[in-house]
1. Only residues that are crowded, with 21+ Cβ neighbours inside 10 Å, modelled with pLDDT of 90 or more, in contact with a Ser or Thr (Cβ under 6 Å, 6 or more places away or on another chain) and outside any strand (DSSP E or B): list them for region 27-56, please.
2. Here are the criteria: (1) out of contact with any strand residue (DSSP E or B) (no Cβ under 7 Å at 6 or more places or on another chain); (2) crowded, with 20+ Cβ neighbours inside 10 Å; (3) over 30 Å from residue 75 (Cβ atoms). Tell me which single one residue 116 does not satisfy.
3. Considering region 138-177 alone, what residues qualify as being among the aliphatic types (A, V, I, L, M) and on the phi > 0 side of the Ramachandran plot?
4. Give me the pairs, please: first residue somewhere in region 148-159 and touching a residue at least 60 places away in the same chain (Cβ under 8 Å) and polar (S, T, N, Q), second residue anywhere and surrounded by 24 or more Cβ atoms within 10 Å (Cβ to Cβ) and outside any strand (DSSP E or B), beta-carbon distance under 6 Å, and either six or more positions apart or on two chains.
5. Would it be correct to say that residue 86 is surrounded by fewer than 22 Cβ atoms within 10 Å (Cβ to Cβ), touching a residue at least 12 places away in the same chain (Cβ under 8 Å) and touching a helix residue (DSSP H, G or I) at 6+ places or on another chain (Cβ under 7 Å)?
6. Can you pull out the residues in region 73-83 that are surrounded by 11 or more Cβ atoms within 10 Å (Cβ to Cβ), touching a residue at least 40 places away in the same chain (Cβ under 8 Å) and over 12 Å from the mean Cα position of the chain (by Cα)?
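The values are calculated or read from the model by the stated rules, or taken from the named source; none is laboratory data. As the structure is a computational prediction, the values presented were derived from the model and not from experiment. Here Cβ is always computed from backbone atoms with ideal geometry, including for glycine, and neighbour counts include all displayed protein chains.
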Amino acid sequence: MGLFGSGGHDTVSRTHIDNPDATMVLATALRSLISRDLLEPARRPLLFFCIGTDRSTGDSLGPLTGTRLLNLGVDEGRVWGTLDTPVHAANLQVALEKAQTAFRNPYIVAIDACLGRLENVGTVTANRGPLRPGTGVSKTLPQVGHAHVTGIVNVGGYMEYMVLQNTRLCLVMRMAEVIATALASATRDFIEASVAFGIAERLAATRWDSRD
């Protein structure tokens, strides 16, 4: 799971992990993208759907990114998909339903691996619009997110499952580090705003109850 086509959505940024400024480039693009889409960040919780499985090296980009987000201090309630609790083809629909139930009108950023051309392996993109997981391996899965980040982990076009199994872990881990660090940096202000708003809402509800 976790391989998809472009879906016709806008690519906001494209950078290679060998670029010394890759994290900054990606973070700047994500901050700009989310700022345009998320007009009231305090009122919409920001969630990360890190899609993939730890059973396949190439498809572990999402879970690795999710785990790294936790290590960077992102609240676990905002991170869906880690090495311990991956979100993949078998449970994606259920995870989306749970997120929609647990959070009111969440803004979702999806993260996933994909296959591409040889010259693009190691490239990370930030894109506007939902992720379409499974397209590259002929699976029909629900679209995910309002924006998405993808990492080209290997070459596509032939024996995709075998290619994923033979993807270098070193490359995937480097990509996960760049993506997670960029996401944490780009979304810090949005998360703080929604946390503050949530606290204010709870305090207001408490004061209201005390007057009854």
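1. 27, 29, 52
2. In the conditions (1) out of contact with any strand residue (DSSP E or B) (no Cβ under 7 Å at 6 or more places or on another chain); (2) crowded, with 20+ Cβ neighbours inside 10 Å; (3) over 30 Å from residue 75 (Cβ atoms), residue 116 misses (1) alone.
3. Passing the criteria: only 159.
4. 154/58
5. No; evaluated as a whole, the condition is false for this residue.
6. Scanning region 73-83 gives 74, 75.
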